[in-house]
Amino acid sequence: MDETPIAVITGASSGIGAALARAYAARGWRLLLAGRRAPALEAVALDCAALQGGEVVDPQRLRLVVGDLRDAPDWRAHAAALLRDWGCPQVVVANAGISHGVDLAQGSDLEVARSIMDSNWAAALATLSPFIVPMRARGSGRLVGITSVAGVRGLPGHAAYSASKAALTRSLESLRVELRDSGVRVVTISPGYVATPMTAGNPFPMPFLLDPDRFARRALRAIERGRAHATIPWQMALLGAVLQLLPRGVYDALLARARRKPRLPPGE
């Protein structure tokens with residue numbers, strides 16, 4: 001059996017997921033890449049193939065899964081096929097997610113909020129779930145969740161996004177404790193601002209903005225070390241710590257006039 005290490009990365013069609021895929025491909029890993037947009041995912045796959053020294057995608061080194069990770073049974077079927085054909089991966093990264101501003105006064109935004117929670121929290125847990133038992137049986141592996149500094153406190157207009165990332169952080173923490181001494185490391189990566197399509201429309205300042213490939217290199221180091229929680233860049237960890245310490249009244253006054261994440265246009 002091919003003993004080349006395997007990484008599973010969701011949300012791999014752009015942004016952080018694509019950058020992580022390229023970083024692992026450059027190291028010669030076999031990859032399963034998942035995303036909802038087939039053309040974009042195929043373009044990332046070609047980039048990865050080139051980094052692995054090929055002109056076309058080799059299905060023995062690169063698998064693509066096009067679909068919505070909120071369909072947990074469908075994902076479990078793909079995971080089972082991977083485990084059967086390639087074996088247990090060394091790294092699984094639950095990265096897929098969405099971000100839209102919501103206005104809870106608008107009834108139509110409640111469905112958007114539910115979709116954000118389903119994508120960013122429930123689907124992330126579903127991503128990791130099929131690999132917990134095989135990794136524990138082997139006694140090694142990395143289960144990685146991409147959260148956000150936005151989950152530190154509730155940001156204006158981010159009632160759903162902040163909640164989804166806070167929920168994922170706590171769920172990963174629970175899983176980390178449960179897998180203590182198993183050899184399996186649960187790694188929480190909390191990005192600050194990264195220049196991706198998700199942040200492109202933000203109408204507010206984004207301090208310490210990182211290029212996705214630079215972010216990916218730092219994330220890989222944290223994953224290799226099995227860090228419990230890594231905020232990237234480190235400056236955002238300091239900012240997050242300050243926000244956590246602020247009294248509620250001070251926090252409310254500071255953020256009351258902050259510009260909000262744009263809402264999803266009607267009909268989209």
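The values are calculated or read from the model by the stated rules, or taken from the named source; none is laboratory data. Everything numeric here is computed off the predicted structure, so don't read it as measured data. Here Cβ is always computed from backbone atoms with ideal geometry, including for glycine, and neighbour counts include all displayed protein chains.
When the residues of the stretch 162-190 are filtered to those that are β-branched (Val, Ile, Thr) and within 16 Å of residue 137 (Cα to Cα), the one that is surrounded by the fewest Cβ atoms within 10 Å (Cβ to Cβ) is 184. Pick from the stretch 206-226 the residues that are under 16 Å from residue 12 (Cα atoms) and among the small types (Gly, Ala, Ser): which of them is surrounded by the fewest Cβ atoms within 10 Å (Cβ to Cβ)? Applying the filter and picking the extreme gives 216.
Taking the stretch 114-139 as the range and being crowded, with 19+ Cβ neighbours inside 10 Å and over 30 Å from residue 5 (Cβ atoms) as the test, only 116 passes. From 4, 10, grab the single residue that is loosely packed, with under 14 Cβ neighbours inside 10 Å, in contact with a strand residue (DSSP E or B) (Cβ under 6 Å, 6 or more places away or on another chain) and under 25 Å from residue 187 (Cβ atoms). None of the other options fit; the residue is 4.
Is it true that some residue in the stretch 141-161 is outside any loop (DSSP other than H, G, I, E, B), farther than 22 Å from residue 194 by Cα and hydrophobic (A, V, I, L, M, F, W, C)? No; the residues of the stretch 141-161 include none that is outside any loop (DSSP other than H, G, I, E, B), farther than 22 Å from residue 194 by Cα and hydrophobic (A, V, I, L, M, F, W, C). Pairing residues of the stretch 22-33 that are in contact (Cβ under 8 Å) with a residue 60 or more places away in the chain with residues that are assigned to a helix (DSSP H, G or I), at Cβ distances under 6 Å and at least 6 apart in sequence or on separate chains, gives 22/47; 23/216; 23/220. For the stretch 49-68, filtered to residues that are closer than 24 Å to residue 126 by Cβ and not basic (Lys, Arg), the residue that is nearest to the chain's Cα centre (by Cα) is 68. The set of residues in the stretch 86-104 being farther than 24 Å from residue 199 by Cβ and either at pLDDT below 90 or among the polar types (S, T, N, Q) (or both) consists of 90 alone. The requirement of being aliphatic (A, V, I, L, M), under 17 Å from residue 135 (Cα atoms) and in contact (Cβ under 8 Å) with a residue 12 or more places away in the chain is fulfilled nowhere in the stretch 54-77; no residue meets it.
Out of all the residues in the stretch 71-116, which are of a type outside the set (Phe, Trp, Tyr), in a loop (DSSP other than H, G, I, E, B), touching a strand residue (DSSP E or B) at 6+ places or on another chain (Cβ under 8 Å) and more than 20 Å from residue 151 (Cβ to Cβ)? Talk me through it step by step, then tell me what you get.
From the stretch 71-116, those of a type outside the set (Phe, Trp, Tyr) are 71-74, 76-85, 87-116; that's our starting set.
Imposing the further condition that a residue be in a loop (DSSP other than H, G, I, E, B) reduces the set to 71, 87-90, 95-100, 102-108.
From what is left, the residues that are touching a strand residue (DSSP E or B) at 6+ places or on another chain (Cβ under 8 Å) are 87-90, 95-97, 100, 102-103, 106.
Those that are of a type outside the set (Phe, Trp, Tyr), in a loop (DSSP other than H, G, I, E, B), touching a strand residue (DSSP E or B) at 6+ places or on another chain (Cβ under 8 Å) and more than 20 Å from residue 151 (Cβ to Cβ): 87, 88, 89, 90, 106.
Between 52, 106, the distinction of being within 30 Å of residue 28 (Cβ to Cβ) and either surrounded by 22 or more Cβ atoms within 10 Å (Cβ to Cβ) or not acidic (Asp, Glu) (or both) belongs to 52 only. Entry remark, the stretch 13-41: residues being of a type in the set (Lys, Arg) and either surrounded by 24 or more Cβ atoms within 10 Å (Cβ to Cβ) or within 14 Å of residue 57 (Cα to Cα) (or both) number 2 in total.
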